[in-house]
1. From the list 16, 51, exactly one residue is free of Cβ contacts under 8 Å to residues at least 24 places away in the same chain and over 15 Å from residue 71 (Cβ atoms). Which is it?
2. Regarding segment 61-77, can at least one residue be identified that is open to solvent by 40 Å² or more (accessible area, probe 1.4 Å), in a helix (DSSP H, G or I) and aromatic (Phe, Trp, Tyr)?
3. If you scan segment 39-59, which residues turn out to be among the β-branched types (Val, Ile, Thr) and exposed (fewer than 14 other Cβ atoms within 10 Å of the Cβ)?
4. Please identify the pairs in which a residue from segment 55-82 that is under 14 Å from residue 29 (Cα atoms) has its Cβ atom under 7 Å from the Cβ atom of a residue that is at pLDDT 90 or above and of a type in the set (Asp, Glu), counting only partners at least 6 apart or on another chain.
5. I want to confirm something. Restricting to segment 1-36 and keeping residues that are of a type in the set (Lys, Arg) and under 12 Å from the mean Cα position of the chain (by Cα), which single residue is modelled with the lowest pLDDT?
6. Is it true that some residue in segment 25-38 is surrounded by 12 or more Cβ atoms within 10 Å (Cβ to Cβ) and part of a loop (DSSP other than H, G, I, E, B)?
Amino acid sequence: MKPVEISSELAEIVGKGPMPRTEITKKLWDYIKKHKLQDTKNKRNINPDAKLAKVLGAQTIDMFKMTSKLSKHIIEPELARR
């Protein structure tokens, strides 16, 4: 996977870019697990803290819908040059 640029909000969670999407996802899950943001009753749901809310929104979110919210914070290198 080629590296992509990331927003400053996402960089607060996963570190500075550019980095491949796979690495972004891995680091995001590391953050979620470290801060125990996965719902204890329904592991498919994520309960964002203040930092994660800047990326995913403040409401509980299904992990399968997380990628669509995440994509708004990923900038393809071709688009960054325009």
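The values are calculated or read from the model by the stated rules, or taken from the named source; none is laboratory data. Keep in mind that what you see is a predicted model, and the values were worked out from it rather than measured. Backbone-built Cβ (ideal geometry, glycine too); neighbour counts: all protein chains shown. Surface areas here come from the heavy atoms of the whole protein model, side chains and all, with no ligands, DNA or RNA. Shrake-Rupley method; radii C 1.70, N 1.55, O 1.52, S 1.80 Å.
1. Details: 51 fails: free of Cβ contacts under 8 Å to residues at least 24 places away in the same chain.
After ruling out the rest, the residue left standing is 16.
2. Step one: of segment 61-77, the residues open to solvent by 40 Å² or more (accessible area, probe 1.4 Å) are 63-65, 67-69, 71-72, 75-76.
Next cut, in a helix (DSSP H, G or I) only: 67-69, 71.
Filter once more, keeping what is aromatic (Phe, Trp, Tyr): none.
No: zero hits.
3. So the first thing to find is which residues in segment 39-59 are among the β-branched types (Val, Ile, Thr), and the list is 40, 46, 55.
Residue satisfying the conditions is 40 alone.
4. Filtered contacts from segment 55-82: 55/9.
5. From segment 1-36, those of a type in the set (Lys, Arg) are 2, 16, 21, 26-27, 33-34, 36; that's our starting set.
With under 12 Å from the mean Cα position of the chain (by Cα) added as a condition, the list becomes 21, 26-27.
Working: 21: 92, 26: 95, 27: 95.
Filtering segment 1-36 for residues that are of a type in the set (Lys, Arg) and under 12 Å from the mean Cα position of the chain (by Cα), the one modelled with the lowest pLDDT comes out as 21.
6. Going residue by residue through segment 25-38, those that are surrounded by 12 or more Cβ atoms within 10 Å (Cβ to Cβ) are 25-32, 35, 37-38.
Filter once more, so that each one left must be part of a loop (DSSP other than H, G, I, E, B): 35, 37.
The answer is yes, given that some residue of segment 25-38 is surrounded by 12 or more Cβ atoms within 10 Å (Cβ to Cβ) and part of a loop (DSSP other than H, G, I, E, B).
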